[in-house]
1. Pull up the DSSP beta bridges for the chain and report the antiparallel fraction as a percent, rounded to 5.
2. In whole percent, and with a 1.4 Å probe on the protein chains, what portion of the accessible area of segment 2-77 is carbon and sulfur?
3. Just read off the accessible area of Met1 with the full protein assembly in place, 1.4 Å probe, to the nearest 10 Å².
4. For Lys9, tell me the accessible area in Å² from a 1.4 Å probe, rounded to the nearest 10.
5. Pop the C-beta distance of Ala49 and Thr27 into the FRET formula with R0 = 22 Å and round what comes out to the nearest 0.05.
6. To the nearest 10 square angstrom, what accessible area does Val51 show with a 1.4 Å probe?
7. How many nm is it between the label spots at Asp71 and Glu13, if each spot is 7 Å from the Cα in line with the beta carbon?
8. Between Gln37 and Glu59, take the C-beta separation as r, use R0 = 35 Å, and let me know the FRET efficiency to the nearest 0.05.
Amino acid sequence: MLTINYMAKLREELNCSTEQIEWQGGTVDELLVHLRQRGEPWQSTLSAANVYKVAINSEIIHDHSEQIPSDAVVALLPPVTGG
């Protein structure tokens, strides 16, 4: 089972803080496509046009072709702003 944690603004927009899904393995891009196929608000919130970070097992991933193991913990993080 893949565990997905939605952080901060994403948690609020998707009304979901964490979930587990069946995952046979695949890339970050494939996971995002899978989640977007749920329709709204997933499609717009996780749109490729939005900027957010993805972490696999607590490590920030910069390449969305990175493979996600079936038993990983993935975190989706919105951009951090500050002043």
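The values are calculated or read from the model by the stated rules, or taken from the named source; none is laboratory data. Please read these numbers as outputs of a predicted model, since none were measured by experiment. Backbone-built Cβ (ideal geometry, glycine too); neighbour counts: all protein chains shown. Ligands, DNA and RNA are excluded from the accessible area calculation, which covers all protein heavy atoms including side chains. Shrake-Rupley method; radii C 1.70, N 1.55, O 1.52, S 1.80 Å.
1. 75
2. The nonpolar share, carbon plus sulfur, comes to 47 percent.
3. Rounded to the nearest 10, the figure is 100 Å².
4. Surface open to solvent at Lys9 totals about 110 Å².
5. According to the calculation, E is roughly 0.70.
6. Roughly 110 Å² of Val51 is accessible to a 1.4 Å probe.
7. Distance between the two pseudo-spin positions: 3.3 nm.
8. After rounding, the FRET efficiency stands at 0.85.
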